[in-house]
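K.L.:
Please read through the structure below; I'll follow up with questions.
The values are calculated or read from the model by the stated rules, or taken from the named source; none is laboratory data. What you see is a predicted model; the values in this text were computed from it and never measured. Cβ atoms come from the backbone with ideal geometry, glycine included; neighbour counts cover every protein chain shown.
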Amino acid sequence: MSRVVILSGGVGGAKLVAGFAELLAPEELTVIVNTGDDFTHWGLRIAPDLDTVMYTLAGLAHSEQGWGLEGDRFTALAMVERYGGPSWFRLGDRDLATHLVRSEALRAGATLTAVTARLCAALGVGQRLLPMCDEPRRTVFDTTTHGALSFQEYFVRHRFQPVLRSIRFEGAQEPTEAVLAALAEAQLVVFAPSNPYVSIDPIVTLRGVREVLERRRVVAVSPIVRGAALKGAAAKMMLELGEDPSAAAVARRYRGLVDLLVVEEGDGFAADELGVQVHETSTIMRTLADKRRLAAEVLERGEDQCG
Ligand code: FO1
C-alpha cells in the first residue's frame, strides 16, 4: 500500500518526486512514469522519463539539466559523431550503460517494469517506479512543417519549434496491473507539475485509469506559471492546440479527475464551475527545500479532505 502515488514525466515532475522522497519513507511512495517519450536510438531502448526519475532519486541526476547523469562524459557520442552517426540526442557514457543493460534485459524477455525494478535496486532507489505500460505507447506530434514526429524528434531534434496540429498516442492501450493496483490502493494520487499533454495524458488515457482515479483523492500541481511553462514546451503546445496557457486551462483538462489544483501565487481563478478546488502557493522549485515544502503542502492539502 503506497501512501502517495505520483504521476510524473519530464524534468518538472521529477523535482516534485524528489520533494516527496524527502518526506516519505521509500515504501510509502510510488511513481507512475510516462513512457510516451521512449524511443529506440542507436539500436537501444531509451526511456528518458524513467531514467530522469531514477537518477533523481538515486542522487545522480545532472543538477541543472535534470536529465542525464551529473559529471557524465560524452566520448562515445563524439565517436558516433566521427562516424557520421546521429548525435542530436546527447547520450553520456555512463547513461549509455543504463540503455545497454535495459535493452539487453528487454531483448531477453524481461518486462520494462521488471528491468526498472532491477536498475532501481542496483542504484539503491527504494521507491517503486512503475512504467505506465510494459509495451510501447508512443507520443506522436502531427506538425504543419515536419509531418508526424516522435517526441524526441519534436522536443530535442527540432527544439519543439514545429507548429503543432495535434498530438496522438500510438501502441499499447493497457496500463500494467501494477499501475492499476497502485492507483486503486493509493491514499493520495498526485499529478506532478508535468506537461498535461505529453506526460499526464499518456497515463490517464490508458484503459481503466480514469475510472480508478474517479474514486481516489487526486491533487495536481499546475506546470504553467503565469502563462508560461517553466520548463519545456507546455505553453507553446497549449497555444498551438487552441488553449490559453493558464492554470484554468490545466484545470479544464483535468476536469473530473482532480479534486484540487495547486497553482502559483496569483494564478488562481474562479473554479466552482469546474468542480475543482484551487490552492495558491509558491510552486517554483529551485532548491531541495522548495521541493520538500511544495510536496509537504500537497500532502497536507491532499490528506486534509481525505476525511
Ligand atoms: N533533452 C534535450 O533537450 N537534449 C538532449 O540531448 C537530451 C538527451 C537526453 C538523453 C537521455 C535522457 O534520459 C534524456 C535526454 N533529454 C534530452 C531529455 C529528454 O528529451 C526528455 O524526454 C525530456 O526531459 C522530457 O521528458
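K.L.:
Is there a residue in region 204-224 that is hydroxyl-bearing (Ser, Thr, Tyr), under 19 Å from the mean Cα position of the chain (by Cα), part of a helix (DSSP H, G or I) and closer than 30 Å to Ser282 by Cα? Spell out how you get there, then give the answer.
P.N.:
Residues of region 204-224 hydroxyl-bearing (Ser, Thr, Tyr): 205, 222.
Imposing the further condition that a residue be under 19 Å from the mean Cα position of the chain (by Cα) reduces the set to 205, 222.
Restricting the remaining residues to those that are part of a helix (DSSP H, G or I) gives none.
Checking region 204-224: not a single residue is hydroxyl-bearing (Ser, Thr, Tyr), under 19 Å from the mean Cα position of the chain (by Cα), part of a helix (DSSP H, G or I) and closer than 30 Å to Ser282 by Cα.
K.L.:
Sticking with this one: Of the residues Leu60, Leu23, Leu7, Leu29, which is under 24 Å from Leu96 (Cα atoms) and at pLDDT 95 or above?
P.N.:
Residue meeting the stated conditions: Leu60.
K.L.:
Okay, moving on. Are there any pairs, at least 6 apart or on different chains, whose C-beta atoms fall under 8 Å, with the first in region 164-176 and under 23 Å from Glu243 (Cβ atoms) and the second crowded, with 18+ Cβ neighbours inside 10 Å and of a type in the set (Gly, Ala, Ser), and if so, which?
P.N.:
Hits for this filter: Phe169/Gly36.
To keep it simple, each residue is scored yes or no on (1) buried (at least 22 other Cβ atoms within 10 Å of the Cβ); (2) part of a helix (DSSP H, G or I); (3) on the phi < 0 side of the Ramachandran plot.
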position: His99; (1), (2), (3): no, yes, yes
position: Arg102; (1), (2), (3): yes, yes, yes
position: Ala110; (1), (2), (3): no, no, yes
position: Ala114; (1), (2), (3): no, yes, yes
position: Arg118; (1), (2), (3): no, yes, yes
position: Leu130; (1), (2), (3): yes, no, yes
position: Val140; (1), (2), (3): no, no, yes
position: Gln152; (1), (2), (3): no, yes, yes
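K.L.:
I'd like the full set of residues that are in contact (Cβ under 8 Å) with a residue 60 or more places away in the chain and surrounded by fewer than 24 Cβ atoms within 10 Å (Cβ to Cβ), limited to region 177-192.
P.N.:
Passing the criteria: Ala178, Ala182, Glu185, Ala186, Gln187, Leu188.
K.L.:
Let me ask another. Considering only residues of region 54-64 that are of a type outside the set (Val, Ile, Thr) and in a helix (DSSP H, G or I), which is nearest to Met132 (Cα to Cα)?
P.N.:
Among residues in region 54-64 that are of a type outside the set (Val, Ile, Thr) and in a helix (DSSP H, G or I), the one nearest to Met132 (Cα to Cα) is Met54.
K.L.:
Checking the condition assigned to a strand (DSSP E or B) and of a type outside the set (Phe, Trp, Tyr), which residue from Val298, Val262, Val250 passes?
P.N.:
Details: Val298 fails: assigned to a strand (DSSP E or B); Val250 fails: assigned to a strand (DSSP E or B).
The conditions single out Val262.
K.L.:
I'm checking my understanding of the structure. Among residues of region 65-90 that are assigned to a loop (DSSP other than H, G, I, E, B) and away from the ligand (no atom under 12 Å from the Cβ), which one is surrounded by the most Cβ atoms within 10 Å (Cβ to Cβ)?
P.N.:
In this case the residue turns out to be Glu70.
K.L.:
Picking from Ala295, Ala247, which residue would you name as being crowded, with 21+ Cβ neighbours inside 10 Å, touching an Asp or Glu at 6+ places or on another chain (Cβ under 9 Å) and at pLDDT 95 or above?
P.N.:
It is Ala295.
K.L.:
Just checking, how many residues over region 13-53 are near the ligand (Cβ under 9 Å from one of its atoms), more than 16 Å from Phe89 (Cα to Cα) and in a helix (DSSP H, G or I)?
P.N.:
The total comes to 3.
K.L.:
Please go through region 204-236 and pick out each residue that is within 13 Å of the ligand (Cβ to nearest atom) and crowded, with 24+ Cβ neighbours inside 10 Å.
P.N.:
Pro223, Ala234
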